[in-house]
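Participant: Below you will find the structure I want to go over with you.
The values are calculated or read from the model by the stated rules, or taken from the named source; none is laboratory data. If you're wondering where the values come from, they're calculated on a predicted model, not measured in any experiment. Counting neighbours? That spans all protein chains shown, and the Cβs are built from the backbone with ideal geometry, glycine included.
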C-alpha cells in the first residue's frame, strides 16, 4: 500500500477558497462546538467530496448572537495535496484560556476511501490566538502534529491538571500500518505541561473487545473516587474500560451495562454542578432520537433525559458549557442529503424537567447545511 507522507507536513489554516465554496458542499458532518470568553460560539465540521474521501477538509463558522444565526466558513484546513484529507475535528478551550482546534489528517493511494485513515498522518492542532476579534483578523499558530491516529472528541482535564486526549489508532481490519499494531487501540495521550509536550500514557486494547472493535471514538470521565472510565464506540453499542492508575493501565473493555448506543459516537462531560452530562442516540439499532441525559451518581444511572431530535440519521454530538450553566449541544443530521449541522441551547433544568422550561432554550437551531449529494452530482453531469 503506497502512502503519501506529505500528510506529515503542516497544513496552515486559511480563509475559504474556491474548493470550499458553500455551493460545492454536498456531504458534511461530525461537528464540534465551543464558546469563547466573550460568548462567541464556534462550530467546526468536515466537508468536501461526496463521502469520506480525499477531498475532505475541515471548516469553522461563528455566531455572535447565541446561536440564532451563523456565518459561512471563516477558516478552513484544506490540504493542498490531492491524496491528503483533513477530517474529524473538534474545539476545546484549555484551562489557561487558549482556544484549540484539533483535527486528523489522512493520506492514501488509489485503492479506496478508507486508506485516507492511515493513522500515521495523525492528530494535529492549532491555537486561535484572538477568538474574540473580527474573524477576518483571526490568527492561528502553525499546526503541530501531536499523536498517531485520530481524535474527534474533546480532551478531559484530570483532577491533577493532566490533559487527557482521546486519540485512537484503529485496530483489526482498520489498521493500515502494521508498525502501529503495538500502539493500536483507544489511547490516552497526555500533556502534563499545559500543552508543551504530548505523550501516550496508556491505551485500551481493543483487539478482543466485547461487542466488536470499530472506530473507538472514545471519551474519558474521571469519577469522584479517582478512577477514570473510558467510554468507547463498538459495533454493538458502547463499551467501558476502567483505569485506577491515572490512565496507565486499563481493564479489558466490556459492553456498558448503563450506556447503550447504535454503533456511533457519544458525548460525555462533567458539568460545573457535579452531574455528568451525556448526549447519545436513545437506540441500539439506529442513529435516531438524539437525547441529552444527566446522571447524579457518576454514571451508575441516567434517570433524567431530554429528547433533542427524534429523527433518524442524527449522530455525532458534541457540547460545551457556558459559565452560567447554559449547554450548547451540536449534532449532524442526514450527512448525504442536506448535511445539516444543528445546535440545541438548553440547561440542566430542561433535562431534569424532560422538556425545555428555560426561557432562552431552543432545540435544533440550524448552524449550516449542504447540497444533497444527488443534486450535486446532477449539477456536475450538466
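Participant: Quick check on residue 187: is it closer than 18 Å to residue 258 by Cα, outside any loop (DSSP other than H, G, I, E, B) and touching a strand residue (DSSP E or B) at 6+ places or on another chain (Cβ under 8 Å)?
Facilitator: Working: closer than 18 Å to residue 258 by Cα: no; outside any loop (DSSP other than H, G, I, E, B): yes; touching a strand residue (DSSP E or B) at 6+ places or on another chain (Cβ under 8 Å): yes.
So residue 187 fails the test.
Participant: Which count do you get for residues in region 295-320 that are surrounded by fewer than 19 Cβ atoms within 10 Å (Cβ to Cβ), in contact (Cβ under 8 Å) with a residue 24 or more places away in the chain and part of a strand (DSSP E or B)?
Facilitator: 4
Participant: Looking only at region 43-59, count how many residues are surrounded by 24 or more Cβ atoms within 10 Å (Cβ to Cβ) and out of contact with any strand residue (DSSP E or B) (no Cβ under 7 Å at 6 or more places or on another chain).
Facilitator: Matching residues across region 43-59 total 0.
Participant: So, one more: Have a look at 96, 65 and point out the one that is surrounded by fewer than 18 Cβ atoms within 10 Å (Cβ to Cβ), over 18 Å from the mean Cα position of the chain (by Cα) and free of Cβ contacts under 8 Å to residues at least 40 places away in the same chain.
Facilitator: Values: 96 fails: free of Cβ contacts under 8 Å to residues at least 40 places away in the same chain.
None of the others qualify; the one that does is 65.
Participant: State whether the residues of region 214-234 include one that is farther than 21 Å from residue 155 by Cα and touching a residue at least 40 places away in the same chain (Cβ under 8 Å).
Facilitator: Initial filter on region 214-234 (farther than 21 Å from residue 155 by Cα): none.
The answer is no; no qualifying residue exists.
Participant: Return only the number of the condition from (1) over 26 Å from residue 143 (Cβ atoms); (2) modelled with pLDDT of 85 or more that residue 171 does not satisfy.
Facilitator: (2)
Participant: Would you be able to tell me the number of residues in region 205-244 that are part of a strand (DSSP E or B), more than 19 Å from the chain's Cα centre (by Cα) and within 10 Å of residue 186 (Cβ to Cβ)?
Facilitator: Residues flagged as part of a strand (DSSP E or B), more than 19 Å from the chain's Cα centre (by Cα) and within 10 Å of residue 186 (Cβ to Cβ) within region 205-244 amount to 1.
Residue-wise test of (1) surrounded by fewer than 17 Cβ atoms within 10 Å (Cβ to Cβ); (2) in contact (Cβ under 8 Å) with a residue 12 or more places away in the chain; (3) on the phi < 0 side of the Ramachandran plot.
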site	(1), (2), (3)
241	no, yes, yes
247	no, yes, no
252	yes, yes, yes
258	yes, yes, yes
277	no, yes, yes
287	no, yes, yes
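Participant: Might you let me know whether region 323-345 holds any residue that is crowded, with 21+ Cβ neighbours inside 10 Å, more than 28 Å from residue 72 (Cβ to Cβ) and either modelled with pLDDT of 95 or more or touching a strand residue (DSSP E or B) at 6+ places or on another chain (Cβ under 8 Å) (or both)?
Facilitator: Narrowing region 323-345 to residues crowded, with 21+ Cβ neighbours inside 10 Å: 327-333, 335, 339-345.
Then drop every residue that is not more than 28 Å from residue 72 (Cβ to Cβ), which leaves none.
No, region 323-345 contains no residue that is crowded, with 21+ Cβ neighbours inside 10 Å, more than 28 Å from residue 72 (Cβ to Cβ) and either modelled with pLDDT of 95 or more or touching a strand residue (DSSP E or B) at 6+ places or on another chain (Cβ under 8 Å) (or both).
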